[in-house]
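The values are calculated or read from the model by the stated rules, or taken from the named source; none is laboratory data. Quick caveat, the model's predicted, so the values are computed rather than measured. Virtual Cβ from ideal backbone geometry, glycine too; neighbours counted across all protein chains shown.
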Amino acid sequence: MNEIYDYLEAGFRLFGIYGTDKKGNCECENPSCEALYKHPRISNWQQVPSWSEEQIETFTALGHFNTGFGVLCQGWLIIDIDARNGGVESFQSLCSVLPDAATAQYIVNTGSGNGSQHHYFRMLEPVPMVQNLKQYPGIDFKTSGYVIGAGSMHKSGSRYEREKGFPQDVEAAPDALIDLLKKPDMCRVEYNGGDVDITERDISMMLAHITPDLGYEDWIRIGMAIHHCTGGFGFDLWDDWSRHGKEYKGVSDLEKHWHSFGKSSNPAGYGTLMHHAREGGYIQDVTFEYDIGEAMPTSLEDDTIDLLRPPGFVGELTAWINAQCLYPRETLAVASALTAISSLTGMRFFDEMDGIGPNMISFCVAGSGTGKEKIIQSYLQIMRAAGIQGAVHGGIKSDQEIYRNLIRHQAALYCIDEISSLLKRLDNSTKRGGASYLEGVIGTVMSVYSKSNGFLPVTGDLKEDIRAALLKELARTERQLEDLMMDSSTEKKRRRLEGEIERIQADLNTIDDGIDGPYLTLIGFTMPTMFNELMTFEQATNGFFARAMTFVDLESNPRRKSQFHPQPMPDRLRYAIQNLWAPGYYDDEPIGRVEFRGDKTGVPTAPEARLLLDEAYDAFYELAEEHKAATGLEAIPRRGYELTAKVSLLLAIPSGVRTAEHVRWAYALAKRDLDLKIKMTYATANENDNGLVARILSLLTKDHGETFGVICNRLRNAPKAQVESLLKKMIEQNFVYVVDFEHPKNKKIVSRYYSVK
């Protein structure tokens, strides 16, 4: 590869990149590695020297450069234009404002064939600069990390190719471009609904009140927060602070993590720093400059909340799921994003305030042929991005199968299409007998659901099956370890196998206690008619349905999106997903068994959020009291606080601190969920006028209306005259209202009914 010598002659520092095996997997021995043709062969690539030609020839003979090489950015400014994330348009916009940005004498096409490029400039002296500018998405201005060199293979099958010039032609970065990217003395960050201007000194003062021995998860989050607040140039702050910790492993370890922070969106920010600093006694500097927009509400109720737009990273994930769907299924996208966060993070976190776990059961209800499949595929793609698809299951055959799935992996993550068919079979097996192997499924699901922080007892026969399976796995793993050559190329695999042996032996020692720390999530999809029939009084008030959250997309004929093209998952989102599963690491060790060993991390709650949670508890308690006297459905609102706490916890996990914004949004979602369950249950339990009122209300929201004809069709056997009379009464009693629309085609007036609440 002659290009290597061009780079060396120009003064660049290089290292080899892993290729792929015959099956198309990365040669790094990690079956889930997605960094194809981008994975460095050496772990300390940040410190590679300037190799001599003789050393390069040795590496070439060893095959290090068979498929390509990485180029260190230190001492250079490389504009990395990512077409998938809008970089081409952003670069055009940048050049219209700053023509000097288009003066690079050496340009490389990345091989993707979509316009992505690397523009090379030389840095004459080190200048701290930001890596990204919000106004130019899809562009990384890289003065650290690495890019792939010209001549290297791309995963598309093409190669990185010179578009212009040679490495020796690289000229100094224009002063105007450096001025644009120069790190400001003061950074502006978001906090509590407004903007705050902070300096590195302010961050240092906060870090002085935070111990670096606060645990790995929080240590990583502090690093992410510093990276976010400083635009990627606060590494020295993180390193200086970390050096005082007992677990400090040296600057190279921190550099590896810091580089990964720049690859993804960082959900941890200024609020994360402020919370931990306050916990350590920090008092906010009164000289901070604020630019507050609309003040955040001080009470729990907030009419401006949009339940289709969750706050924080869950909202970012929801937006990507929506971008996959030809038909708008926005409510189901929220369910998928929340359940995905639960599946990715739930084994490692718990609620410090109440001890509630993040495991989630979600029912997604939408009409046939309206786009549920895209939601399912988006959820599965998120699991694949994290590398934990081995723990995902598409159905439940029996309670014994649930136990066996939890033996293979610590987590059992269920994503079930047409779940009503399963639930109906379970209901029938309980009522009529037969299919006895199904009878224990719901009980087992709820038992696993509640045992994520303990042991799940198993029967004697199953214990022996588990013991035999573990002994077989132990023998196989020990043989694999013995067969490994004791050289550096197998070090990672040896460490992984040693960890596997340690885990198996621990499981054998505790088998009499049961399955340690089982973790279960479930997201199920079904149609309204089938689901409504199941929502009986008994079902709605038992632990299974009451603990689940129901998400209904009422529109049964959604209009397809015009000029629709599904959006591929951006690398930054994929890296963020990987970071949620394994904070601070990318494409590191093979995942193998999906599990988590070690102490769980508590998610703290900000003081104002604690007050709102207390308010939420009181509100749901009073609602339960009302239903206790009126309907007997108090078991449903009694779950309101638990649902609010769980959802707000899921919103908080990516950033590490539960805020008032998280609680308000979660409370609004829990209220909607309980209201829907009560309406559906009351409608199913009553065939009189009161039951029809509830069924009508279950079809309507303040944002979604239906015509008289659709309402009658959904109520099936109810006489039209009775429905018409009820609607008139409901309008008089301010339950519903009517809006008249002109049909866009035939110009006829169409009336739609909406719920007042």
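A few remarks follow.
- Scanning the range 226-244 for residues that are closer than 18 Å to Met205 by Cβ and among the small types (Gly, Ala, Ser) yields Gly234, Ser242.
- When we screen Asp82, Asp100 for residues that are out of contact with any His (no Cβ under 8 Å at 6 or more places or on another chain), of a type outside the set (Ser, Thr, Tyr) and more than 15 Å from Leu181 (Cα to Cα), the only hit is Asp82.
- In the range 493-516, the residues that are not assigned by TED's automatic domain parsing to the domain that holds Ile402 and assigned to a helix (DSSP H, G or I) form Cβ pairs under 8 Å with partners that are modelled with pLDDT of 80 or more and among the hydroxyl-bearing types (Ser, Thr, Tyr), at six or more places apart or across chains, as follows: Leu497/Thr477; Glu500/Thr477; Ile501/Thr477; Ile504/Thr477.
- Gln46 being at pLDDT below 90, under 25 Å from Phe141 (Cβ atoms) and touching a helix residue (DSSP H, G or I) at 6+ places or on another chain (Cβ under 6 Å): yes
- Qualifying residues in the range 3-26 (those that are small (Gly, Ala, Ser) and over 20 Å from Ile107 (Cβ atoms)) - the one modelled with the lowest pLDDT: Gly24
- Members of the range 273-309 that are of a type outside the set (A, V, I, L, M, F, W, C) and at pLDDT below 65: Asp285, Thr287, Glu289, Tyr290, Asp291, Gly293, Glu294, Pro297, Thr298
- Within the range 618-658, being of a type in the set (Gly, Ala, Ser), free of Cβ contacts under 8 Å to residues at least 40 places away in the same chain and more than 30 Å from Phe261 (Cα to Cα) holds for Ala624, Ala629, Ala630, Gly640.
- The condition of being touching a residue at least 60 places away in the same chain (Cβ under 8 Å) and either over 40 Å from the mean Cα position of the chain (by Cα) or loosely packed, with under 15 Cβ neighbours inside 10 Å (or both) holds for only one of Lys748, Lys757, that being Lys757.
- Total residues in the range 153-183 satisfying the condition of being surrounded by fewer than 18 Cβ atoms within 10 Å (Cβ to Cβ) and either touching a Gly at 6+ places or on another chain (Cβ under 8 Å) or within 29 Å of Phe65 (Cα to Cα) (or both): the figure is 15.
- Pick from the range 236-272, criterion of a type in the set (S, T, N, Q) and at pLDDT 80 or above, ranking: surrounded by the fewest Cβ atoms within 10 Å (Cβ to Cβ): Ser242
This table checks each residue for (1) touching a strand residue (DSSP E or B) at 6+ places or on another chain (Cβ under 6 Å); (2) outside any helix (DSSP H, G or I); (3) without any contact (Cβ under 8 Å) to a residue 60 or more places away in the chain.
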| residue | (1), (2), (3) |
| --- | --- |
| Asp197 | yes, yes, no |
| Met205 | no, no, no |
| Asp213 | no, yes, yes |
| Ile220 | no, no, no |
| Gly223 | no, no, no |
| Gly231 | no, yes, no |
| Trp241 | no, no, yes |
| His244 | no, yes, yes |
| Tyr248 | no, yes, yes |
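- Of all the numbered requirements in (1) modelled with pLDDT of 90 or more; (2) under 30 Å from Gly390 (Cα atoms), Glu29 misses one, and that requirement is (1).
- Among the strands (runs of 3 or more DSSP E) confined to the range 4-121, the ones with at least 1 residues that are buried (at least 20 other Cβ atoms within 10 Å of the Cβ) and among the small types (Gly, Ala, Ser) are located at 14-16, 69-72.
- Here Gln324 meets each of (1) at pLDDT 80 or above; (2) surrounded by fewer than 18 Cβ atoms within 10 Å (Cβ to Cβ); (3) assigned to a loop (DSSP other than H, G, I, E, B) with one exception, condition (2).
- Count of the range 406-428 residues which are surrounded by fewer than 19 Cβ atoms within 10 Å (Cβ to Cβ) and without any contact (Cβ under 8 Å) to a residue 24 or more places away in the chain: 2
- Exclusive hit being at pLDDT 85 or above and surrounded by fewer than 17 Cβ atoms within 10 Å (Cβ to Cβ), set Gly543, Gly602: Gly602
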